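A short write-up of the structure that comes next.
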Number of protein chains: 2
Amino acid sequence: MWDVAEELKAMLVFAEHRYYGESLPFGANSFKDSRHLNFLTTEQALADFAQLIKYLKRTIPGAKNQPVIALGGSYGGMLAAWFRMKYPHLVVGALASSAPIWQFENMVPCGVFMKIVTTDFRNSGPNCSESIRRSWDAINRLTVKGTGLHWLSEALHLCTPLTKSQDVQHLKDWISETWVNLAMVDYPYESNFLQPLPAWPIKVVCQNLKNPNVSDTLLLQNIFQALNVYYNYSGQTKCLNISETATSSLGALGWSYQACTEMVMPFCSNGIDDMFEPHSWNFKEFSDDCFRQWGVRPRPSWIPTLYGGKNISSHTNIIFSNGELDPWSGGGVTKDITDTLLAIIIPEGAHHLDLRANNAFDPVTVLLARSLEVRHMKQWIKDFYASLRKMH
Amino acid sequence: MWDVAEELKAMLVFAEHRYYGESLPFGANSFKDSRHLNFLTTEQALADFAQLIKYLKRTIPGAKNQPVIALGGSYGGMLAAWFRMKYPHLVVGALASSAPIWQFENMVPCGVFMKIVTTDFRNSGPNCSESIRRSWDAINRLTVKGTGLHWLSEALHLCTPLTKSQDVQHLKDWISETWVNLAMVDYPYESNFLQPLPAWPIKVVCQNLKNPNVSDTLLLQNIFQALNVYYNYSGQTKCLNISETATSSLGALGWSYQACTEMVMPFCSNGIDDMFEPHSWNFKEFSDDCFRQWGVRPRPSWIPTLYGGKNISSHTNIIFSNGELDPWSGGGVTKDITDTLLAIIIPEGAHHLDLRANNAFDPVTVLLARSLEVRHMKQWIKDFYASLRKMH
């Protein structure tokens, strides 16, 4: 956005989503109970954006008759697309980058996400995904033995040693999430989104995972080296903390509530099409967890009902961009729907690479995507002024 | 709808709006306080319709892949239009009959409503609107005298006699509302919407109001005869009750709350362009009344922000029909906006005449309107099936 603002003579506005960052409607009580959380919905967030645009147009000199474009990445990309769908009178178009608007209900197979993660690892080094696939049973075999928990805690340099068998599941979940995160941030240059990382971090990870046919202990020592790429690129990390996978808070608490109400995204793995242990999507269990944590039950059909699911062709002027490396692209719009509901694919792109600042190491495919996006935005603006002239 | 259901092979579904009729989310407590009323919004009503359509499609054999059309009159017409705008994936089009979607904020002059009422009376008999215009001062002059309240209570056969000067304002408001209601239901045949009435009731009313140049007492005796057309067409009415203007409840309580929150419609009169006493639109006073009654403050900008105000051209497949006799047409869409956002005018039509059953006395203009409406509905259905075929 900064790179093209001047060219588009644009004002940049970053609206903070309610219940995130400093936008807490009830201050410290905002997450207290479901009564206080009741106003945390996508509809309310979109309504905030509508009010904000009206307010800015009313109060900023010269803003009144200017066209507005919605932009966002990931959940923000969904909101950008949905905002154009619900408030087409307020924004002339939307760029929805890496927006998995179809990662709901039965719109895409629940396994597509983990399959893409696996493909990233498979393509980043020989035997890489196979090494990871074998690591789960290595962990299982090692930890049935009494001394295994201790050995593994040492081998992985864990800050808090594993002490009971439930800790093993927790460890495996944390390792899985690490591979998932790496797939999201597999950028072509050094970056620091979820963690400080080298360029093409999965390639670096995979240099430690070239041989799956080794002993369980050696395989897990290799896994430690691989995890270190993600958790210790700085070289300053003393031990690995299995309760977190990202350095900065992206609002996990708010998201947990949203996932338990509207934003119900089914995920699964089968260990065949992907490198993870088999996990089916268990809605009942998910719902019970939500009820325990928040006192609410998820409504998995509501997002498709509200935003149209796959049936969105009556809308216009939305660009859905997706990086092929990004696991979220599995739930995204990756084919043109109409002349004005467009899909842009970035083969070498991870999670919303196109929205990141220009970089000397940008692959040509993201440069093409960005220039196409700007061309469409200019067209929306041109069409807006043409329709204004027609009205007068 | 009954008249064309068979021709369109349609199932008719009447969805009752939440907080009206028997659809009370908190039973007897639904109107208790603003906490219980908090779920009475147009957005929530539209969401109900969305859920209902999904439910019917899921549960009724054969309904699954059928196109749906939204129809409604008056407030229901607004909801039909807004439903197509917000849920275009659930309805292929909407017929919004007598839907004053622009009777908000500054979208139309606040006096347009009373001006149309006046035109109806002016065109229904010589000196008719002039007689009514003069009646207000006649009431004022009579009631400054001590005996005037008593005389007027007798002359108008009021059930409860006027006793204090505030009663006079109440009486005038009630008479005004009677003329307004007559303008809404000025149908070409006997009907019973707000009250049992003769055909072209304003013409009948105006037969009593041919001479404005008479004494105050005679003028008000004539006004009584005129009111009798509305309140005593049956001949059974013993006295006139100035606390009500319609026989059946149309949900006045729910509407009062909605008018005090989202549905803020500015009205005014000036006594020059209309036959009423001058009343300016006083938002402050209105807001204070709302606060007293419901503990809420109205948000007059929200409906235009949410539904686009006059800027709705990106939507498709909505017919806005309006009768020229209907005062609500002043806040309606009476000119085509695009090829698929169409206005139909019925010169001899009152409030949503086109949605009423066929009648031998229907003017030809409403027959034309209905056949045009059906033709467009058939086109929407055809387009729906064509797009289904294209997808497969």
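The values are calculated or read from the model by the stated rules, or taken from the named source; none is laboratory data. In this text the structure is predicted, and so the values were computed from the model without any measurement. Positions of Cβ are backbone-derived with ideal geometry, glycine not excepted, and every protein chain shown enters the neighbour counts.
One table, with the values for the structure above:
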read-out: Qualifying residue in the range B:48-61 (condition: under 20 Å from B:M265 (Cβ atoms) and out of contact with any Leu (no Cβ under 7 Å at 6 or more places or on another chain)); value: no
read-out: Any hit, the range B:269-276, residues being away from chain A (no Cβ under 14 Å), in contact with a His (Cβ under 8 Å, 6 or more places away or on another chain) and modelled with pLDDT of 95 or more; value: yes
read-out: Odd one out for B:S215, checked against (1) at pLDDT below 95; (2) over 30 Å from B:A99 (Cα atoms); value: (1)
read-out: Hits in the range A:191-226 (condition: touching a helix residue (DSSP H, G or I) at 6+ places or on another chain (Cβ under 6 Å), surrounded by 18 or more Cβ atoms within 10 Å (Cβ to Cβ) and under 26 Å from A:G349 (Cβ atoms)); value: A:L194, A:Q195, A:P201, A:I202, A:V204, A:V205, A:C206, A:N208, A:L209, A:A226
read-out: Candidate set: the range B:225-258, residues that are of a type in the set (F, W, Y) and touching a strand residue (DSSP E or B) at 6+ places or on another chain (Cβ under 8 Å); chosen: the one farthest from B:V168 (Cα to Cα); value: B:Y233
read-out: Output for the range A:69-99, where each listed residue is in a loop (DSSP other than H, G, I, E, B), within 12 Å of chain B (Cβ to nearest Cβ) and of a type in the set (A, V, I, L, M); value: A:L90, A:V91, A:V92
read-out: Criterion: within 18 Å of the chain's Cα centre (by Cα) and part of a helix (DSSP H, G or I) - qualifying residue of A:I303, A:I345, A:I381, A:I319; value: A:I303
read-out: Test: residue in the range A:26-37 that is part of a loop (DSSP other than H, G, I, E, B), at pLDDT 95 or above, closer than 20 Å to A:T261 by Cβ and over 26 Å from the mean Cα position of the chain (by Cα); value: yes
read-out: Hits in the range B:322-342 (condition: charged (D, E, K, R) and either assigned to a strand (DSSP E or B) or within 19 Å of B:G76 (Cα to Cα) (or both)); value: B:E324, B:D326
read-out: Positions within the range A:272-309 being of a type in the set (A, V, I, L, M, F, W, C), over 18 Å from A:C260 (Cβ atoms) and free of Cβ contacts under 8 Å to residues at least 40 places away in the same chain, in sequence order; value: A:I272
read-out: Whichever residue in the range A:23-60 is of a type in the set (D, E, K, R) and over 19 Å from B:A47 (Cα atoms) and, among such residues, is farthest from the other protein chains (Cβ to nearest Cβ); value: A:K32
read-out: Residues being closer than 20 Å to A:P363 by Cα and not in a loop (DSSP other than H, G, I, E, B) - total across the range A:197-229; value: 5
read-out: Cβ pairs under 6 Å, 6+ apart, first in the range A:368-392 and within 20 Å of A:P347 (Cβ to Cβ), second part of a helix (DSSP H, G or I); value: A:A369/A:D354; A:R370/A:D354; A:V374/A:V4
read-out: Complete set of residues in the range A:159-186 that are in contact with a Pro (Cβ under 8 Å, 6 or more places away or on another chain) and not in a helix (DSSP H, G or I); value: A:V185, A:D186
read-out: Unmet criterion (only one of (1) away from chain B (no Cβ under 14 Å); (2) surrounded by fewer than 16 Cβ atoms within 10 Å (Cβ to Cβ); (3) part of a loop (DSSP other than H, G, I, E, B)) for A:A350; value: (2)
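Matching residues to (1) more than 13 Å from chain A (Cβ to nearest Cβ); (2) of a type in the set (K, R):
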site	(1), (2)
B:S301	no, no
B:T305	no, no
B:F320	yes, no
B:G323	yes, no
B:G331	yes, no
B:K335	no, yes
B:D339	yes, no
B:I344	yes, no
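Conditions (1) assigned by TED's automatic domain parsing to the domain that holds B:N222; (2) of a type in the set (F, W, Y); (3) buried (at least 23 other Cβ atoms within 10 Å of the Cβ), marked per residue:
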position: B:A96; (1), (2), (3): no, no, yes
position: B:D120; (1), (2), (3): yes, no, yes
position: B:T147; (1), (2), (3): yes, no, no
position: B:W151; (1), (2), (3): yes, yes, no
position: B:Q166; (1), (2), (3): yes, no, no
position: B:E177; (1), (2), (3): yes, no, no
position: B:V180; (1), (2), (3): yes, no, no
position: B:Y187; (1), (2), (3): yes, yes, yes
